[in-house]
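Asks: Before I ask anything, let me first share the structure, which is written out below as structure tokens.
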Amino acid sequence: MSHLPLPLYGFAAFFMVFWLGTWMVHVIAICYGRYKLHKKSCKLPTEAQPLPGVSILKPLMGVDPNLQHNLETFFTMDYPLYELLFCVEDKEDPAIQLVERLLAKYPLVDATLFVGGSDVGVNPKINNIHPGYMAAKYDFVMISDSGIKMKDDTLLDMVQNMSDKHALVHQMPFTSDRDGFAATFEKVFFGTVQSRIYLSADVLGINCHTGMSCLLRKAVIDQLGGLRAFGCYLAEDFFIARSVTRLGWKMRISNQPALQNSGLCDIGSFQARLIRWAKLRVAMVPTTILLEPLSECMILGAIAAWSASVLFSWDPLVFYLVHVLCWFLSDWLLLSIVQHGSMPFHKFEFVVGWLFRELTGPYLFLHALWNPAIRWRARTYKLHWGGVAYELNSPATDAANDPLAPQPQPAPTLEPAVVNAGTTVDTLICTGAKQRLLVS
């Protein structure tokens with residue numbers, strides 16, 4: 001190999017170090033997952049330190065076969081003091097009737113239904129839950145998506161992970177046991193690649209917050225300007241976590257993963273969800289464009305096999321096959337730790353689901369780069385670098401083409417939020433009402 005140009009040896013050494021670093025992420029995730037997940041807390045409330053009250057925000061839009069069961073698990077939690085704040089934006093949404101039936105079934109549970117939402121930004125979730133947030137009466141606020149299923153002690157586990165140094169406790173995304181290959185594919189994704197990143201990020205102090213189920217100190221969010229301060233972002237969870245940590249607070253995951261239990265489960269919609277997440281990551285953290293494809297098993301294995309052949313004259317095919325086998329086995333081990341029980345599918349189904357995930361992952365990422373516009377339900381958005389979102393194809397678009405309509409407002413400005421006298425937060429907060437990109 002001495003005839004090769006010297007720069008190639010440098011590239012080979014770099015990729016080999018990157019490959020070793022990726023395997024360190026595997027080791028960290030497996031060890032930390034074994035230590036952290038599903039561990040029962042031994043802390044018990046006392047008269048001097050009773051459990052705090054929690055206001056739980058539930059944004060709802062539409063119904064699915066599992067929605068009633070998912071919501072009902074919040075009415076039956078084993079926690080002494082909490083309120084349920086259901087938020088529905090559309091007055092004709094069928095979720096309203098479902099919530100009203102549950103309110104009648106559990107009259108002793110402190111629960112309220114808010115209909116109509118607010119117009120505080122471009123993020124539909126923030127717009128939906130903002131009235132509930134303003135009415136929250138407890139010091140801690142939990143934001144929980146409609147597809148989340150709770151165990152009896154999940155809220156207790158999250159509260160007990162909230163120490164005096166923490167302002168944010170979030171659940172690692174996972175899935176409830178369901179039938180079908182689409183459900184297997186989701187569980188494989190969340191139990192392997194997602195859990196590996198999530199667990200290692202929590203150890204290393206990297207922001208990897210997913211807002212589908214999180215517990216927040218309301219005073220800290222109010223200090224940052226309230227939820228409306230994050231209405232200009234689609235990935236409000238990322239920017240909430242970043243703002244909280246910049247104030248000096250810490251965040252961490254709870255012991256129990258979040259059990260997603262949507263009644264609508266198919267490959268196409270889930271892949272569209274993964275593409276949307278990839279677009280958000282690229283806009284918020286541009287280095288994702290290079291790092292994410294290189295962290296894929298098949299791509300990294302091929303590059304590392306070439307590096308090993310250049311540096312050590314090893315057989316690249318044997319190296320590649322051993323790499324894929326070890327990656328496969330480590331993913332099975334991590335999924336077993338996250339599942340914490342018997343798998344709802346056969347090992348052969350795991351092999352098929354794992355191969356499908358690994359082979360389609362790079363394609364989905366390239367698809368996200370090719371078309372950066374984000375579709376979320378019936379709306380389409382565009383992201384600028386930094387994560388600020390604008391809505392496309394909105395009523396404001398028609399107004400832009402109308403010569404008699406008022407002139408469009410300028411793009412949103414960003415300014416530091418002043419929280420106390422003499423104290424300035426370097427988190428950027430969007431000012432003004434709901435902003436949209438006007439397309440002529």
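The values are calculated or read from the model by the stated rules, or taken from the named source; none is laboratory data. As the structure is a computational prediction, the values presented were derived from the model and not from experiment. Heads up, the Cβs are rebuilt from the backbone with ideal geometry, glycines too, and the neighbour counts pull from every protein chain shown. Remember, those area values only see protein heavy atoms, side chains included, never the ligands or the DNA or RNA. Shrake-Rupley method; radii C 1.70, N 1.55, O 1.52, S 1.80 Å.
Asks: Taking Asp402 as meeting all but one of (1) more than 19 Å from the chain's Cα centre (by Cα); (2) of a type in the set (D, E, K, R); (3) modelled with pLDDT of 75 or more; (4) open to solvent by 50 Å² or more (accessible area, probe 1.4 Å), write down the number of the exception.
Replies: (3)
Yes/no matrix, rows are residues, columns are (1) in the same structural domain as Ala167 (by the TED database); (2) modelled with pLDDT of 95 or more; (3) under 18 Å from the mean Cα position of the chain (by Cα):
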| site | (1), (2), (3) |
| --- | --- |
| Ile253 | yes, yes, yes |
| Arg273 | no, no, yes |
| Trp277 | no, no, yes |
| Gly301 | no, yes, no |
| Leu317 | no, yes, no |
| Leu329 | no, yes, no |
| Trp332 | no, yes, no |
| Gln339 | no, yes, no |
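Asks: Another question, if that's okay. Which of the helices (runs of 4 or more DSSP H) contained wholly in region 164-257 include at least 1 residues that are under 23 Å from Lys137 (Cα atoms) and in contact with a strand residue (DSSP E or B) (Cβ under 7 Å, 6 or more places away or on another chain)?
Replies: 218-223, 236-246
Asks: Here is a further query. Does any residue in region 251-275 that is closer than 16 Å to Gly62 by Cα come within less than 7 Å, Cβ to Cβ, of a residue that is of a type in the set (Asp, Glu) six or more places away or on a different chain, and which pairs are these?
Replies: Ser262/Asp64; Gly263/Asp64; Leu264/Asp64; Cys265/Glu186
Asks: For region 313-332, which residues satisfy the criterion of being more than 30 Å from Ile289 (Cβ to Cβ) and part of a helix (DSSP H, G or I)?
Replies: Correct list: Val318 only.
Asks: Determine which member of the set Leu321, Leu290 is at pLDDT 95 or above, open to solvent by 40 Å² or more (accessible area, probe 1.4 Å) and outside the structural domain of Leu156 (by the TED database).
Replies: Just one listed residue meets the conditions, Leu321.
Asks: Same structure, new question: Could you tell me which residue of region 282-295 is farthest from Leu364 (Cα to Cα), considering only residues that are free of Cβ contacts under 8 Å to residues at least 24 places away in the same chain and not hydroxyl-bearing (Ser, Thr, Tyr)?
Replies: At the first step, the residues of region 282-295 found to be free of Cβ contacts under 8 Å to residues at least 24 places away in the same chain are 285, 287-288, 290-291.
Keeping just the survivors that are not hydroxyl-bearing (Ser, Thr, Tyr) gives 285, 290-291.
Working: Val285: 17, Leu290: 15, Leu291: 15 Å.
Only one residue fits best here, namely Val285.
Asks: Can you tell me which residue within region 98-113, out of those that are assigned to a helix (DSSP H, G or I) and open to solvent by less than 30 Å² (accessible area, probe 1.4 Å), is farthest from Pro59 (Cα to Cα)? Full working, then the answer.
Replies: Taking region 98-113 and keeping what is assigned to a helix (DSSP H, G or I), we get 98-105.
Narrowing the set further to residues that are open to solvent by less than 30 Å² (accessible area, probe 1.4 Å) leaves 98-99, 102.
On the way: Leu98: 13, Val99: 12, Leu102: 15 Å.
Only one residue fits best here, namely Leu102.
Asks: To continue, here is another question. Check Lys91, Lys125 and return the single one that is touching a residue at least 12 places away in the same chain (Cβ under 8 Å), of a type in the set (Lys, Arg) and in a loop (DSSP other than H, G, I, E, B).
Replies: Details: Lys125 fails: in a loop (DSSP other than H, G, I, E, B).
The match here is Lys91.
Asks: Would you confirm whether any residue within region 273-281 is closer than 22 Å to Gly33 by Cα and assigned to a helix (DSSP H, G or I)? So that I can check it myself, show each step before the final result.
Replies: Step one: of region 273-281, the residues closer than 22 Å to Gly33 by Cα are none.
No, because not a single residue in region 273-281 is closer than 22 Å to Gly33 by Cα and assigned to a helix (DSSP H, G or I).
Asks: So in region 351-384, with the set limited to residues that are of a type in the set (Phe, Trp, Tyr) and open to solvent by less than 30 Å² (accessible area, probe 1.4 Å), which one is modelled with the lowest pLDDT?
Replies: First, pick out the residues of region 351-384 that are of a type in the set (Phe, Trp, Tyr): 354, 356, 363, 365, 370, 376, 381.
If we keep only those that are open to solvent by less than 30 Å² (accessible area, probe 1.4 Å) as well, we get 354, 365, 381.
Values: Trp354: 98, Phe365: 92, Tyr381: 83.
Going through the qualifying residues, I end up with Tyr381.
Asks: On the given criteria, is Trp249 within 21 Å of the chain's Cα centre (by Cα) and of a type outside the set (D, E, K, R)?
Replies: Working: within 21 Å of the chain's Cα centre (by Cα): yes; of a type outside the set (D, E, K, R): yes.
Considered against the rule, which asks whether it is within 21 Å of the chain's Cα centre (by Cα) and of a type outside the set (D, E, K, R), Trp249 comes out as yes.
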